[in-house]
Amino acid sequence: MGIWDRIKGQAGAQFLDVIEWLDSSNDTVLWRFPIHDQAITDNSKVIVREGQAAIFVAEGRMSEVFAPGTYTLNTPNTPILSFFQSIAYAMQTPYKGDILFINTKIFQDQGWGTQAPFIFEDPKYGDVELRAFGSYAFRVTDPAVFLRNVVGTDGHFTVEEIGGQLKKKIVPAICGAIGKSGRPLAQLNTNATELGETVLTAIGSTFAAQYGITLTDVTVGNISMPEELQEAFRQAGKMRMLGGIDNYARIQAADALGVAAANPGMGGAAMGMGVGVGMGQMMAGMMGQMTSGARA
């Protein structure tokens, strides 16, 4: 009597003909097939679809990883047979282990962002607080490592459950890459593609070894500066468009005079002239350094 004949002899067992996973979600990374009181027969088939992998687990032991294909669970099937023969009860009772399906597709558009500002040292403006956000993509490339180091006994593992772990490594790596980029503040966002590639190189091997996961893409969507610094850059841009600091100051003074002329009385006009001239001089002094920095 073969090992599968012993299974058939178990009274009241509900036999499984087909073992497969048809995933209707967009965020399930691993799913445990519900065996419960059901039994596997020698004619049962395990169907592993494209974008999936399957692993048997019993008594703390994992089978080899089954790639896409159809596997008939009978004694001539060496990988299946060798796994079940290694189980202590040698299939004298119905199989009570787990059949786990792993989704190996690429999970795209996973968001990351800095929870708090980080310090960027700019050669012109000194230490500046920045924020950054973007997206990343990953896939499971070593199901055995992923199951052993990440999933454990969880029977329904989602992207959300691992997203926090991944972002704890991705975000510091990105902040470090920004700090070491050697680019001035005004050019950071033009360096987004290079920053993503730097991060992939820096932490890709760590993800593979620790999680059984491959990062397929890291994108820096935006690096933002404090509002007051953004306003300073906007003003510097206006000055360049208007032909320099002197023209900018004259236009500011003229605008102030126009406002003063709308006020009744010579006092208001004189005050408006003083304010206009003073504003022009003040802006010329304040924006000079910003203009030279923006040209750098």
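Select from segment 203-220 the residues that are part of a helix (DSSP H, G or I) and farther than 15 Å from LYS167 by Cβ and list them in ascending order. If you could, list the steps in order and put the result at the bottom.
First, the residues of segment 203-220 that are part of a helix (DSSP H, G or I): 203-211.
Within segment 203-220, GLY204, SER205, ALA208, ALA209 meet the criteria.
Given (1) touching an Asp or Glu at 6+ places or on another chain (Cβ under 6 Å); (2) open to solvent by less than 60 Å² (accessible area, probe 1.4 Å), identify the lone condition not met by ALA208.
(1)
Could you please find all residues in segment 167-182 being part of a helix (DSSP H, G or I), over 22 Å from THR141 (Cα atoms) and either open to solvent by 70 Å² or more (accessible area, probe 1.4 Å) or among the aromatic types (Phe, Trp, Tyr) (or both)?
Of everything in segment 167-182, just one residue is part of a helix (DSSP H, G or I), over 22 Å from THR141 (Cα atoms) and either open to solvent by 70 Å² or more (accessible area, probe 1.4 Å) or among the aromatic types (Phe, Trp, Tyr) (or both), namely PRO172.
Which number in (1) surrounded by 15 or more Cβ atoms within 10 Å (Cβ to Cβ); (2) more than 22 Å from SER224 (Cα to Cα) marks the one condition that LEU185 misses?
Only one criterion is unmet by LEU185, namely (2).
Which of (1) closer than 30 Å to GLU64 by Cα; (2) in contact with a Gly (Cβ under 7 Å, 6 or more places away or on another chain); (3) open to solvent by 10 Å² or more (accessible area, probe 1.4 Å) does GLY164 not meet, given it meets every other one?
(2)
The values are calculated or read from the model by the stated rules, or taken from the named source; none is laboratory data. Predicted model only: the values in this text are computed from it and were never measured. No Cβ is skipped: glycine too gets one built from the backbone with ideal geometry, and neighbour counts run over all protein chains shown. Surface areas here come from the heavy atoms of the whole protein model, side chains and all, with no ligands, DNA or RNA. Shrake-Rupley method; radii C 1.70, N 1.55, O 1.52, S 1.80 Å.
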